[in-house]
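First the structure, in the form of structure tokens, and then the observations on it.
The values are calculated or read from the model by the stated rules, or taken from the named source; none is laboratory data. Quantities reported herein were computed from a predicted structural model and do not represent experimental measurements. Note that we place each Cβ from the backbone using ideal geometry, even for glycine, and neighbour counts take in every protein chain shown. Side chains included, ligands, DNA and RNA excluded: accessible areas come from the protein's heavy atoms. Shrake-Rupley method; radii C 1.70, N 1.55, O 1.52, S 1.80 Å.
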Amino acid sequence: MTSTARTAATEHTGHVAGVRRPQTATVQTSTTPAGDRQAEYRALMRKWWFGAAVGAPTMILSYPWLIPGLRDIFPRGSEQLWWLWVGMGVASLAVIAYSGNQFFTGAWEALRHRSANMHTLIAIGTGTAWVYSTVALLFPQLFPSDAMTDVYYDVTVVVTALVVLGMAMEVKARGRTSEAIEKLIGLQPKTARVVRDGTELEVPVDQVVVGDIVVVRPGSKVPVDGIVIEGASALDESMITGESMPVAKTQGDEVIGATMNTTGSLRFRATKVGADTALATIVRMVGDAQASKVPIQRIVDVVSSYFTPAVVIASILGFVIWFDFGPAPAFTYATIVAVTTLIIACPCALGMATPMSLTTGVGLGASHGILIRSGDALQAAKKIDTIVLDKTGTITIGKPAVTDIVSAEGFEVDAILSMAAAAERDSEHPLAAAIVGGAAERGLTALSATRFEAVPGHGIRAWLGASRVLVGKRAFLEMNGIDASALEASAIRLADEGKTPVFIALDDRAAGILAIADPVKPDSAAAIAALRRLGLQVVMITGDNRRTADAIARQVGVDRVLAEVLPQDKANEVRKLQLEGRKVAMVGDGINDAPALAQSDVGFAIGTGTDVAIEASDVTLISGSLRGVVSAIEISRATMRNVYQNLFGAFVYNGLGLPIALGVLYPFIGLLLSPILAALAMSFSSVTVISNANRLKRFRLQEVSA
């Protein structure tokens, strides 16, 4: 509830420091540490208790004639009462100097920059009450009526104490909304076991360097990112990805720092340490997002910059009107109206409305493995009505595999796969790895080709001893005089299922077909159904042929397909959708998706994809699952709904509070708000905003089951 309080909720910029050795570090952040935040909270509470300790007797002793027993000790107009008020004036000045000094320094800084803020309102309000009371006490002859010489030190003290209490509650609430970053930082283990010169050593994690061999035992955390070189285990990655099921890891798999090893032992080579680890990137992105502003907040900032001067003018006009036309004592009434107007119109709730919700929403996303880069992305995600999904690596796993084997008469399934693997072993074609991997998974004996010829665009010709093996398209077999018509029906069926048929021939006979496909992720269909329930049109974009694309689309429930799209044309397809008046989100994982991600209104990058795609995106899904897209949109909508609720409440509060403070109800029902009640109302509005923002933490995402 200070000028810093209006923006402090947005000042959570996370930075990850890396002590290069040559490349290493623990995760750090410039976000206000919990210790510093606690110190700030304790300091504000000390100011509150001092103000409250002075304020309680000040309120009582300001009107002793209303309290039995005191009216005889301090009769009105007596010297005893005068000295009592002198003591109250000194005590209230101490409260201003200690508990309320930030208001006056903040107001002065704003004045130096020719602006006004909430400090200005509080400083003018409490300062006016103190100066008026002191002048009335020391120079009563300046006032035409004895009633005008009453003092309002209680207003100065109590208002200051209440506002400081509101600030303390806000600091505590900001601490709770930043728990996401604090928890993330706390995930990294402090030490790591590395192998150096053949000896296993335990070293601080900031001494791990790229290339180190790291040992992780069961029940231990993975200290840094790397590639498994030995062992097998299952890692609990829920703290990073939001996925509850442990993930199996074997040789060649990536491991993420801060995840928990559950069963076996692993050895891996460190590939990313310090500021480059996934955890450090998450901390940095969450901090940056929490420090950003949504577009609506910039509008609020502009409104607030005009609001404060307008309130000061309204306060002056209120004073003049009450002084000229109000009931006796007019000067007293005019002063109360002016001070109350300044206090109740303090826009602290308005300034907090958006940052509190934004910080909580971004933290909620991080806890579910969703990294939202900025407030702009959060607000834009709420408005999207069309979502474009790249097929490979997004809807599908992105790793082709042998799914079906069809054998011709006289050939066995394993023999066909073994021959094809031998022919493809030295090939660099993307499908070759799937065939060789399929043979390895079945434990088939590795055969060796004595000769190998690649025919670009058609297939491979290889010799296993004296036997010739052909692997490729049907046309390739026919080019070599082999009739494959008996396999045509199977090939058409497989193609209709979205699979690529690869024909195999031995010598002069067609031996069979291997069907290769990029398997659909287990939860893609459920996630797409959830997106459609959210009212989004789902579009799949792919470079595959129309038949394969349509088959995958039917399998996962996509209603619009953009097939045979070249990588460089993906951004143009997104632009065409935008020209139709649609708000488009793009989900992709590859380098060729980066232009489309940048072109879209909101870009979602699959966290398992390339760094280029992640950098070009607005939202990163660490788990690599489309469920993250559903959750991100739900969080965006919930957060922006929370923002609008807060802004509506803050505007309504100021809209209703100002006229009441100016006294428009006095002629009708005799109601004139006191400055103390105004301070209470102002604090309550801030508490309301904080409480509503914290409701987001209890937001439940819809279940998307595979």
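Just a few scattered comments:
- Taking label positions 7 Å along the Cα-Cβ direction at both ARG509 and LYS172, the computed distance is 8.4 nm, reported to one decimal.
- Reach of LYS521 by Cα under 16 Å, taken over lysines that are not fewer than 8 positions away in the same chain: LYS391, LYS399, LYS499
- Modelled spin labels at TYR306 and ARG700, positioned 7 Å past Cα toward Cβ, are 4.4 nm from each other.
- Partner aspartates and glutamates whose Cα lies under 17 Å from the Cα of LYS383, excluding those fewer than 8 positions away in the same chain, are identified as GLU580, ASP601, ASP618, GLU634.
- Gained length - HIS458 relative to VAL131, 0.36 nm times residue gap less alpha-carbon distance: 108.4 nm
- Expected-Rg normalisation [2.2 N^0.38 Å, Cα atoms] applied to the stretch 435-555: 1.34
- Computed log10 I(q)/I(0) for the stretch 618-706 at 0.13, 0.16, 0.20 Å⁻¹: -0.61, -0.76, -0.96, from the Debye equation with unit scatterers placed on every C-alpha and solvent omitted.
- In range of the label at ASP483: residues from the stretch 499-530 whose backbone nitrogen is under 15 Å from the point 7 Å along Cα→Cβ: 508-511
- Label zone (ARG468, point 7 Å along Cα-to-C-beta; backbone nitrogen cut-off 17 Å) within the stretch 412-436: 420, 423-424.
- Taking amide hydrogens as placed 1.01 Å from N in the peptide plane, the amide H of ASP404 sits under 5 Å from those of ALA515, each at least 5 positions away in sequence or on another chain.
- The simple spin-label model puts a point 7 Å past each Cα toward its Cβ; for GLU580 and ARG217 those points are separated by 5.9 nm.
- Set of aspartates and glutamates with alpha-carbon distance to LYS221 below 12 Å, sequence-local pairs under 8 removed: ASP236, GLU237
- Here PHE668 and ILE299 are evaluated by their C-beta separation; at R0 = 41 Å the FRET efficiency comes out at 0.75.
- In the stretch 509-597, the alpha-carbon atoms span a convex hull of 122 Å³ per residue.
- For the stretch 424-572, the dipole from Cβ point charges (+1 on Lys and Arg, -1 on Asp and Glu) about the Cα centre works out to 300 debye, to the nearest 20.
- Among LEU536, ILE552, LEU566 - extreme Cα towards positive end, dipole of the stretch 441-592, charges at beta-carbon: LEU536
- Selected from LEU358, HIS458, GLY443, residue furthest toward positive end of dipole (the stretch 358-498; charges at beta carbon): LEU358
- Calculated FRET efficiency for the pair ALA328/ARG71, C-beta based, R₀ 22 Å, to 0.05: 0.45
- Nearest-0.05 FRET efficiency for ILE313 and ASP426, computed from C-beta distance (R0 56 Å): 0.10
- Solvent-accessible surface (1.4 Å probe) assigned to MET169 amounts to roughly 70 Å².
- Stokes-Einstein D in µm²/s, Kirkwood radius over Cα pairs - the stretch 339-411 at 37 °C with 0.692 mPa s viscosity: 184 µm²/s
- Across all directions, the average projected area of the convex hull around the alpha carbons of the stretch 302-460 is 18.4 nm².
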